[in-house]
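Report on one structure; see the data block that follows.
The values are calculated or read from the model by the stated rules, or taken from the named source; none is laboratory data. This structure is a prediction, so every number in the text was calculated from the model and none was measured. Virtual Cβ from ideal backbone geometry, glycine too; neighbours counted across all protein chains shown.
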Amino acid sequence: MATADSNPLGTPRTRPGRIRRFLRAIVSPYYRYRHANLIHSLRVGLAMLVSILATTGVNVPHGIWASVTLLVVIGGLQHQGNIRKKAAERAAGTLLGATIGLAMILQQNWIGSLPLTYLLMSVVAAICAWFAIGKPGYIALLTAITMCIVAGHGDNQIDVGLWRTLNVLVGIVIALAFSFALPLHATYSWRYLLADNLRACARIYARMVQSDGDLPSADETLKMFLALNTRLVQLRSLIPSVAKEIDLPQAQLEEIQRLHRSMLSALELMATGTIGHLDAAGRAAFARECGIEVYTVRGTLLAMARALRFAGATRFRIPEASPLATPDPAVIASLPADLHGPYWLGLRLAEQVDSLRAMLLDTESNWNIERHARAVA
């Protein structure tokens with residue numbers, strides 16, 4: 001009779017074996033991607049507990065500001081590249097704001113004029129607002145906030161300002177420490193999202209130009225492209241963090257994004273245009289007569305998706321270039337006028353897929369965070 005610690009074949013399932021499997025899942029980038037929200041919430045919760053114990057728990061005055069700073073730095077930021085950037089900006093804004101706040105307290109104690117203090121703080125806030133709508137916006141905003149935290153309305157004592165400054169710095173240190181616990185890299189999220197979209201593109205393309213199966217309905221087509229475009233937007237938001245994590249020029253990632261967006265546009269035009277209204281035999285005849293390399297394009301899309309999903313494994317690599325079909329005047333002349341558009345879209349889509357393949361091949365060595373970090377070191 002099999003026990004709870006045995007598998008169906010009767011082989012004992014040891015506790016160390018289960019622990020090893022659990023640890024492999026925890027350190028797996030794909031596992032962390034699939035459970036990013038859970039990991040992020042646990043990380044922030046534990047960091048909050050540590051900040052409370054490190055300040056309020058040992059009676060450090062004004063310890064609440066360490067927890068507030070912690071939430072500002074990592075509360076809404078999952079990815080490693082974003083956390084490092086925001087922490088650096090937070091530190092810069094904190095130091096500048098604390099210095100200004102302490103200066104406000106000193107001038108209030110020296111001159112003793114609250115109207116002057118209010119005026120000076122308003123001027124500083126106006127200057128910070130000027131820069132808050134530009135590139136250093138986060139630093140400028142935090143400078144004004146930290147000034148108010150440290151100085152109040154100019155009526156705080158100097159020791160209160162110093163304690164609050166210290167607590168803000170403690171919060172930054174704790175946030176950085178916990179950002180390295182089970183880090184969530186934007187690069188992996190970018191890879192897996194792009195892989196999902198490429199697999200979906202391969203399915204849609206195959207259904208359009210192959211004779212087996214029916215075309216999706218209008219509602220199904222709308223849902224498919226809504227999902228594709230949602231992931232496209234998510235990919236765009238990850239680009240700055242990915243560029244920082246793997247030291248890749250952001251312009252290259254932007255070009256990959258542009259090619260991916262162009263592919264989706266071409267697919268959508270094909271799916272909703274003339275070819276989308278042909279029957280199965282008509283679609284197969286169109287693909288055959290036009291010389292569209294159905295399996296080449298579909299295979300390249302799937303190979304790119306596999307490489308993005310399993311980067312680092314030697315058997316999964318971006319494929320080499322395949323011969324592309326060239327426009328054939330005889331084919332163009334034989335096609336009905338309403339099929340000229342789908343013909344050129346098919347050729348253009350094949351070019352875009354190959355261009356994306358080449359771009360991903362150029363950046364493949366950067367995908368694996370651990371391997372890239374060792375190479376840089």
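Return yes or no: is residue 116 over 17 Å from residue 158 (Cβ atoms), in contact with a helix residue (DSSP H, G or I) (Cβ under 8 Å, 6 or more places away or on another chain), assigned to a helix (DSSP H, G or I) and modelled with pLDDT of 80 or more?
In short, yes.
Tell me yes or no: at least one residue of segment 302-318 is assigned by TED's automatic domain parsing to the domain that holds residue 345, within 17 Å of residue 191 (Cβ to Cβ), at pLDDT below 65 and buried (at least 18 other Cβ atoms within 10 Å of the Cβ). Yes: one or more hits. Out of 174, 158, one residue alone is assigned by TED's automatic domain parsing to the domain that holds residue 62 and touching a Leu at 6+ places or on another chain (Cβ under 6 Å). It is 174. Here the helices (runs of 4 or more DSSP H) wholly within segment 1-107 that include at least 2 residues being in contact with a Gly (Cβ under 9 Å, 6 or more places away or on another chain) and at pLDDT 85 or above are 36-54, 64-74. Assessment of segment 258-270 against the conditions (free of Cβ contacts under 8 Å to residues at least 12 places away in the same chain, part of a helix (DSSP H, G or I) and either in contact with a Gly (Cβ under 7 Å, 6 or more places away or on another chain) or over 30 Å from residue 183 (Cα atoms) (or both)) yields at least one matching residue. Restricting attention to segment 253-298, the residues being at pLDDT 85 or above and surrounded by fewer than 17 Cβ atoms within 10 Å (Cβ to Cβ) number 6.
A quick yes/no check of all residues on (1) within 16 Å of the chain's Cα centre (by Cα); (2) in a helix (DSSP H, G or I); (3) modelled with pLDDT of 90 or more:
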position: 194; (1), (2), (3): yes, yes, yes
position: 221; (1), (2), (3): no, yes, no
position: 233; (1), (2), (3): yes, yes, yes
position: 248; (1), (2), (3): yes, no, no
